[in-house]
Amino acid sequence: MPYRFTFDLSRIPRFFFTEITKAAYQKGVHKKVGGTAQEMIKRFRIQEATGLNLSDAVVLLQDLIDMNARNLMEREKFAQTRRRALFLPHCSRKYMDNRCKAIFEADIPSYICAHCSPDCLVNKATSVAMKRKYDVYILPGGSCIPKILKTKGYEGAVGVACGEETKLSGKMLESMGIAGQGIPLIKNGCANTIFSIETLSKTL
Ligand code: SF4
Ligand code: SF4
């Protein structure tokens, strides 16, 4: 399920994301973050930068904090896994039309990147992950993930998506006993979306 609002955090200073990680750590220790989300919205002027209303900004930040908290909890288990998959969202491809030369394998279902554009985020992420022996899937949606995980017998999975999607996927991985790590989109909108390659690299 996509958010009912669009956002773009790609120009927010990097320090903001360090603060998100700190808040997630606090949540892991104290099981609550209290007014942290609202305080960060004010401090980093998130509403001014994104045009979001306060309640949508709170939902977004809370989801980012929750995703980071889940990553921290799962990190040790994830580090011990060998067979891993990376799930990328099709919405981060440089092109969403026939200028994208990826081949769509309907039986998986996944796009297979043809590396047509060096500056395409999905291309960069695919190359980084393949060097680290990940199997890479570029998905049109999250509903096919359980089938892929079961068929291929993965022990660990990294997923890039917007908060709502990663929340659902995180719960699903937990129920299947698979260690997961989530990477948030920092710009959503279901086309030309953005995630951080640096964060992905560190996570892999
Ligand atoms: S680099 Fe890959 S994902 Fe990006 S537009 Fe080209 S084929 Fe599509
Ligand atoms: S922004 Fe991308 S990951 Fe999120 S719902 Fe839309 S298509 Fe899916």
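The values are calculated or read from the model by the stated rules, or taken from the named source; none is laboratory data. Treat the numbers as computed from the prediction; the structure is a model and nothing was measured. Cβ coordinates were reconstructed from backbone atoms using ideal geometry, including for glycine residues, and neighbour counts include every protein chain displayed. Calculation scope for accessible area: heavy atoms of the full protein, side chains included, ligands and nucleic acids excluded. Shrake-Rupley method; radii C 1.70, N 1.55, O 1.52, S 1.80 Å.
For LEU64, which of the numbered conditions (1) part of a helix (DSSP H, G or I); (2) within 21 Å of SER196 (Cα to Cα); (3) touching a residue at least 40 places away in the same chain (Cβ under 8 Å); (4) open to solvent by 70 Å² or more (accessible area, probe 1.4 Å) fails to hold?
(4)
Pick from ALA191, ALA161, ALA129: which is buried (at least 18 other Cβ atoms within 10 Å of the Cβ) and under 16 Å from PRO2 (Cα atoms)?
Checking each option against the conditions leaves just ALA161.
Please go through the stretch 87-117 and pick out each residue that is within 8 Å of ligand 1 (Cβ to nearest atom), in contact with a helix residue (DSSP H, G or I) (Cβ under 9 Å, 6 or more places away or on another chain) and open to solvent by 70 Å² or more (accessible area, probe 1.4 Å).
Listed by number, the residues that qualify are LYS94, HIS115.
For THR166, are the conditions met, namely being away from ligand 1 (no atom under 16 Å from the Cβ) and in contact with a helix residue (DSSP H, G or I) (Cβ under 7 Å, 6 or more places away or on another chain)?
In short, yes.
Looking at (1) away from ligand 1 (no atom under 16 Å from the Cβ); (2) touching a Cys at 6+ places or on another chain (Cβ under 6 Å), can you tell me which one LEU185 breaks?
(1)
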